[in-house]
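Just so it is clear, none of the values below were taken in a lab; they were calculated from the coordinates. Since the structure is predicted, the reported quantities are computational estimates derived from the model, not experimental observations. Quick reminder, even Gly has a Cβ in these numbers, built from the backbone with ideal geometry, and neighbours come from all protein chains shown.
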């Protein structure tokens, strides 16, 4: 029996270059052992992680997203603070938390429900819009520094279905499809 081909996929809002540059600059002087900064070109705001998707199932994902994205409008995102995920006692991810119009929460929920209709599990926690800017393999001992982030943001103008390949020097993301936000 031939092995099914799959792609590791997620749906995300790309972050514009100016916002990525602001975040990279803010982290340039942060001395935190054990943190691996996310490459600027990989910064995005994830709406839904799908995991491994069989190639023959991708048309159903695209069709569901076409329905979700029909008549959606763009909106502004604003970086509000640095945050440790899941929390500062067990930090694994350094993120730039974002806020935006109610549209981002509605979009994330609509995508979650549409993907659940296709068999992907619903998110088990409330959606917290954020841009991952660093990852930690081994959390440091002692208190974590507060990360001062610039007042920056961007316009959410599209959603992209990405394929994620995990490589030894970091993930590689390839856009597979995109939908405009009005």
## Note on the structure
Kirkwood calc, region 1-98, C-alpha pairs only, radius in angstrom 16.4 Å
### Summary
Mean-square fluctuation maximum in Gaussian network of the chain, Cα pairs under 10 Å, restricted to 170, 34, 124, hits 124
### Summary
Computed on Cα atoms, Rg of the chain relative to 2.2 N^0.38 Å comes out at 1.06
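Tell me what the chain gives for mean residue ellipticity at 222 nm when only DSSP H runs of n ≥ 4 count, each as -39,500 (n - 2.57), the sum divided by the residue total, rounded to 500 deg cm²/dmol. Could the numbers behind the result be given before it?
On the way: 3 runs with 39 residues, N = 182.
Taken over the chain, the calculation gives -7000 deg cm²/dmol.
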## Note on the structure
Quick note, region 76-182: a/c under 1.5 would make it rounded; otherwise a/b > b/c is prolate and the rest oblate (a ≥ b ≥ c, C-alpha gyration tensor); here it is prolate
### Query
How much length is gained on full extension from residue 73 to residue 178, taking 0.36 nm per residue of separation minus their Cα-Cα distance?
36.4 nm
### Task
Give, in nm to one decimal, the length gained when the segment between residue 106 and residue 166 is fully stretched (0.36 nm per residue of separation minus the Cα-Cα distance).
18.6 nm
### Message
Could you tell me the calculated FRET efficiency between residue 81 and residue 60, based on Cβ-Cβ distance and R0 = 35 angstrom, to the nearest 0.05?
### Response
0.40
### Message
Between region 1-33 and region 116-182, how far is it from one alpha carbon centroid to the other, in angstrom?
### Response
6 Å
### Task
Compare 52, 31, 112 in a GNM of the chain, Cα atoms joined below 10 Å, and give the one with the largest fluctuation.
31
### Message
Given an 8 Å cut-off on Cα distances and at least 6 residues of separation, report the relative contact order of the chain as a percent.
### Response
33 percent
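Between residue 99 and residue 116, 0.36 nm times their residue separation minus their Cα-Cα distance comes to what?
3.7 nm
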#### Entry: Helix 102-117 axis, angle to the chain major axis (alpha carbon atoms, nearest 10°)
50 degrees
### Query
What angle do you read, to the nearest 10 degrees and between 0 and 90, between the alpha-carbon axis of helix 17-27 and the longest principal axis of the chain?
40 degrees
